Amino acid sequence: MELIERVARQDDAALKLLYDRAGSRLYGVALRVVGQREAAEDVLQEAFLAIWRTASGYHATLSPPLAWMGMIVRSRALDHLRRRTSDRAHLTQEFDDTVAQTLRDADPTPADLTEASQEATALHQCLGRLESRQREVVSLAYLRDLSHGELAEQLQLPLGTVKTWIRRSLEKLRDCMARYA
């Protein structure tokens with residue numbers, strides 16, 4: 001309680017001491033929510049910045065200090081997960097829009113339009129059969145022209161997982177598209 005009061009007065013040393021005493025427990029909360037070490041570290045940093053900014057509004061009668069800080073960490077972790085999900089949904093939509101735009105851009109003949117429409121429909125149906133995470137990896141690989149390593153880093157997945165998902169997804173797409181050929 002004393003440390004939070006000192007933090008409320010913008011005491012840097014108190015914030016460091018508070019971090020030293022409660023950081024590992026709060027990191028554990030963040031890690032359980034986000035599931036990744038690097039993301040949990042980011043969440044913990046955001047949480048301590050929030051603690052620094054809001055310590056003056058803390059009331060001991062409402063909750064114990066660790067519970068109050070734990071709620072801040074949990075809130076920041078959930079915000080992180082929501083941002084990540086929103087970003088991924090946007091990327092998948094971007095891929096769909098790019099494919100649709102590519103099909104509309106050329107000056108096609110009626111025969112080209114018919115063939116392109118059939119291929120686009122087939123591709124859309126085949127992509128829809130992929131699991132969402134696999135579709136996301138394939139979409140990013142071809143829309144953003146990202147390497148396997150860049151994909152793994154951006155999605156915070158092991159490199160082997162990314163390579164496996166791309167290989168399996170392309171095999172599924174190839175098999176599926178062969179039925180339409």
Can you tell me the length gained on complete extension of the stretch D12 to M71, counting 0.36 nm per residue apart and subtracting the Cα distance?
19.1 nm
Environment charge at L78 (Cβ cut-off 14 Å; Lys +1, Arg +1, Asp -1, Glu -1)
+3
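Every number in this text was worked out from the coordinates using simple rules, so none of it is lab data. Predicted model, so just to flag it, every value in this text is computed and none were measured. Here Cβ is always computed from backbone atoms with ideal geometry, including for glycine, and neighbour counts include all displayed protein chains.
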